[in-house]
Amino acid sequence: MRIALYTVWVTPTAPAPSIVERLSAPHRGPVPFSVEFMPPRDAEGEARLWRAVRIFERLSPAFVSMTYGAGGSTRDRTVRITGELAAQTTLLPVAHLTAVNHSVAELRALVGAYADQGITNILALRGDPPGDPLGEWIKHPDGVEYAEELVRLIGTLGDFHVGVASFPEGHHRAPDLEHDTRNLVNKLRAGAEYSITQMFFDVEDYLRLRDRVQAADPEQGAKPIIPGIMPVTSLASIKRMAELSGSVIPPNVVERFARAAGDGPEEDRAAVRAVGIDFATETAERLIAEAAPCLHFCSLNFAKATSEVLARLGVDVDAALHVPA
């Protein structure tokens with residue numbers, strides 16, 4: 001898929017609702033939920049993605065998001081599939097857009113490509129360097145340095161609703177939590193309407209993030225901070241994902257999953273998965289009790305684990321899980 005580097009387009013005359021509007025709309029269960037998908041690598045992966053999409057569509061999430069590979073490596077698939085979600089389903093898609101490795105002209109063109117497909121909700125991210133997500137971040141010579149600049153850029157291009165990322169433990173590149181909080185507040189002041197957190201394993205980290213933003217700027221602190229939840233189904237995989245994201249799994253949580261994994265050469269995946277569903281449910285229940293505005297599930301393009309958690313939270317998922325192939 002080729003994306004023309006044009007810079008002028010027409011924003012849809014009947015734009016989709018914003019994420020903030022969706023969070024205040026009627027929803028199933030005790031709190032709205034949303035789902036994160038990833039661009040598939042091949043035809044088999046794409047078929048699996050669409051099976052999950054159709055299941056989640058029946059569960060009426062507030063929105064779904066489509067990630068964007070490090071350095072823009074999945075750009076074309078991200079744009080194409082996000083457009084298909086908008087055109088072929090009843091879901092409200094949020095398109096991820098990262099600054100890394102892109103010129104301003106390319107970023108403008110990508111926003112235009114989304115607008116052409118009726119997509120007006122964008123998650124503005126600085127992005128990870130390709131190859132090594134924890135490596136040195138190098139600004140494109142004709143690009144932007146920070147997500148705050150990307151938020152402002154999108155705001156000049158039409159009637160878009162923009163979200164940003166937030167980090168309960170603090171971003172791994174931030175020198176301290178005060179600096180990280182200031183960065184988030186600046187992104188919100190630049191025009192972001194909400195944030196979605198990186199996955200975390202201690203609800204206290206999320207709650208303290210909310211407190212910090214509220215203390216730094218009560219107006220921006222009133223904007224939704226949506227917690228990201230990963231239903232763990234493999235200890236090895238979640239350790240790797242946490243390592244690549246700069247997240248930290250508390251020792252007591254690691255121990256809980258390690259006991260389930262066992263001492264054999266292969267982890268006991270069924271036992272780890274059972275603990276993962278329990279842990280995700282416990283996390284979700286605490287977040288609901290603490291008035292989180294939404295639960296954002298990292299699905300890895302599978303529906304079953306998230307559906308099990310939703311069922312435990314009181315959402316009727318039976319009909320959705322029996323979607324014809």
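Can Ala236 be described as open to solvent by 50 Å² or more (accessible area, probe 1.4 Å), farther than 30 Å from Ser307 by Cβ and touching a residue at least 24 places away in the same chain (Cβ under 8 Å)? Criteria not met by Ala236. If you check Leu91 against the conditions, is it closer than 28 Å to Asp316 by Cβ, open to solvent by less than 40 Å² (accessible area, probe 1.4 Å), free of Cβ contacts under 8 Å to residues at least 40 places away in the same chain and within 16 Å of the chain's Cα centre (by Cα)? Answer is yes for this residue. Answer yes if at least one residue in segment 203-214 is polar (S, T, N, Q), at pLDDT 95 or above, surrounded by fewer than 17 Cβ atoms within 10 Å (Cβ to Cβ) and more than 23 Å from Arg312 (Cα to Cα), and no otherwise. Yes, there is a match, as at least one residue in segment 203-214 is polar (S, T, N, Q), at pLDDT 95 or above, surrounded by fewer than 17 Cβ atoms within 10 Å (Cβ to Cβ) and more than 23 Å from Arg312 (Cα to Cα). Across segment 134-164, the qualifying residues are those that are in contact (Cβ under 8 Å) with a residue 60 or more places away in the chain and outside any loop (DSSP other than H, G, I, E, B), and the one among them that is nearest to Asn101 (Cα to Cα) is Gly163.
Mind listing whichever residues of segment 256-265 are over 11 Å from Leu235 (Cβ atoms) and of a type outside the set (Gly, Ala, Ser)? Once the filter is applied, which keeps residues that are over 11 Å from Leu235 (Cβ atoms) and of a type outside the set (Gly, Ala, Ser), segment 256-265 yields Asp263, Pro265. All told, Thr82 meets the bar of being among the polar types (S, T, N, Q) and either buried (at least 19 other Cβ atoms within 10 Å of the Cβ) or in contact (Cβ under 8 Å) with a residue 60 or more places away in the chain (or both).
Scanning segment 265-295 for residues that are open to solvent by less than 10 Å² (accessible area, probe 1.4 Å), farther than 20 Å from Arg28 by Cα and of a type in the set (A, V, I, L, M, F, W, C) turns up just one, Val272.
Whenever a residue of segment 108-130 is among the hydroxyl-bearing types (Ser, Thr, Tyr), its partners that are open to solvent by 10 Å² or more (accessible area, probe 1.4 Å) and at pLDDT below 90, lying with C-beta atoms within less than 6 angstrom and at least six residues away or across chains, give the pairs Thr120/Pro15; Thr120/Ala16. Of all residues in segment 30-46, those satisfying the criterion of being buried (at least 18 other Cβ atoms within 10 Å of the Cβ) and closer than 18 Å to Ile229 by Cα are Val31, Pro32, Phe33, Ser34, Val35, Glu36, Phe37, Met38. The set of residues from segment 181-197 being part of a loop (DSSP other than H, G, I, E, B) and surrounded by 20 or more Cβ atoms within 10 Å (Cβ to Cβ) comprises Ala190, Ala192.
The values are calculated or read from the model by the stated rules, or taken from the named source; none is laboratory data. In this text, all values refer to a predicted model and were calculated from it rather than measured experimentally. Cβ coordinates were reconstructed from backbone atoms using ideal geometry, including for glycine residues, and neighbour counts include every protein chain displayed. Keep in mind that these areas ignore ligands, DNA and RNA; they rest on the heavy atoms of the full protein, side chains included. Shrake-Rupley method; radii C 1.70, N 1.55, O 1.52, S 1.80 Å.
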